[in-house]
1. Using Cα extents along the principal axes in Å as the read-out, say which of (i) 54, 43, 38; (ii) 74, 45, 41; (iii) 64, 41, 37 was calculated from these coordinates.
2. Tell me the per residue accessible area of the chain using a 1.4 Å probe; a whole number in Å² is fine.
3. Restricting attention to the stretch 187-232, which trypsin sites (Lys or Arg not before Pro) occupy a DSSP loop and are surrounded by at most 14 other Cβ atoms within 10 Å?
4. In whole percent, how big is the carbon plus sulfur part of the accessible area of the chain, probe 1.4 Å, protein atoms only?
5. Which Cα, out of SER340, PHE226, GLY276, lies furthest along the positive dipole direction of the chain (beta carbon charges, K/R +1, D/E -1)?
6. Loop only per DSSP, at most 15 neighbouring Cβ atoms within 10 Å: give me the trypsin sites (Lys or Arg not before Pro) in the stretch 239-293, ordered by residue number.
7. Could you work out the relative contact order of the chain, using alpha carbon pairs under 8 angstrom and six or more residues apart, expressed as a whole percent?
8. If you place +1 on the Cβ of every Lys and Arg and -1 on the Cβ of every Asp and Glu, how big does the dipole about the Cα centre of the chain come out, in debye to the nearest 20?
Amino acid sequence: MAVDIAIEHSGIDRRQIDTVIIGDIAGFEAHSVQSKTLAPRLGLAPLTPVLPISTGGTSGGHLVNQAATLVRAGFARNVLCVAPNTFDGPLDLQEVINTNSPMVMEQPLGMGALHMGAFFPAAYQEQWGTPDSDFEALAEKNRANADHNPYAHVTTSLDPAHAQRMLSTPLRLGMVCPVSSGAVAMVVSAEDDARAVAKNPVVRIAAHGSVSDGYLGGTRRDFSRFEVVELLARRVYREAGVVDAARDIDYAELFNPYSPMEFLLMEDFGLCEKGGAARALHDGVTSYGGRLPINLSGGVTCTNPGVSGQMAPAAHAALQVMGQSATRQVDGAQRALAHSSGGTFFQFHTATIFERVS
């Protein structure tokens, strides 16, 4: 269904799709099984090349970026990106995720995904003195946004007592993403092909990139920020001509499986000053109607179907710039940032900047 909706929305004839990119996460399913089982059912032209991508938690974010690379290089003109459901397959998902933790030291210590996710907000609190109430307010903001997203799975209907359950200090259940089902598809085309069938505004991928940090937690110098995201941001901003991100970006979808990550990412992408993310939240800067709305979809905190959850930020960002948001629309949005992240200690990151050109 997601593929049918994406192709119809693009205006591209299904027979014009010349490449398919499908994501998966090795360890949650056998690599390329999604490609072998899904591709023949998409109704595309015979012998259409299919590229499986598996880069862990950034598989979804890499799909649209790889499509843009293929189109820019002239290897393809109309690329279908398919981010299938992932996380509701394994019956013991949390146990599977926990095996991804580094084997040298972290696994013998009994550390799992939640514990590693808690490193970042705990270090951020130590650095900036941020109270738990600020993290809770951030999660509540995202759930309120999710009320306006028909595809969200966690909303303000979450029982407050349930949300307050402590999991790993300072992470509470209401700050942690669910395990849910869904799929996302996008079509990335050469610009002249897109304009030829333009029944919707044309949006250009102005810049994209990826970056990786060390695998082991011990390689990190500072858990209160994502140092490599700062490097990635400088690279994509330079390519897109972004001088002042807080001024030049109209909207952002930041990958937040643990809601406090949004504070760190806001600062590392230069969307606010260091240590100023909570103040921006309370001042309404990042809320609907604010100067720089962030995660009006509710983010991954409110919907987490694996690979599709990783590509969802790109889909939401692109639709915002088109003026066709599935959530609340940001008036006059011309440029949007989408981010995804993955890995045991979130060592992988992708970023994509979308610009409206017509």
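1. (i)
2. Numbers: 14640 Å² over 358 residues.
Per-residue accessible area for the chain comes out at 41 Å².
3. LYS199, ARG221
4. 55 percent
5. SER340
6. Qualifying residues, ordered by number: LYS274, ARG291.
7. Relative contact order comes out at 25 percent.
8. 660 debye
The values are calculated or read from the model by the stated rules, or taken from the named source; none is laboratory data. Predicted model, so just to flag it, every value in this text is computed and none were measured. As a convention, Cβ positions derive from the backbone with ideal geometry for all residues, glycine included, and neighbour counts pool all protein chains shown. For accessibility, only protein heavy atoms count, side chains too; no ligands or nucleic acids. Shrake-Rupley method; radii C 1.70, N 1.55, O 1.52, S 1.80 Å.
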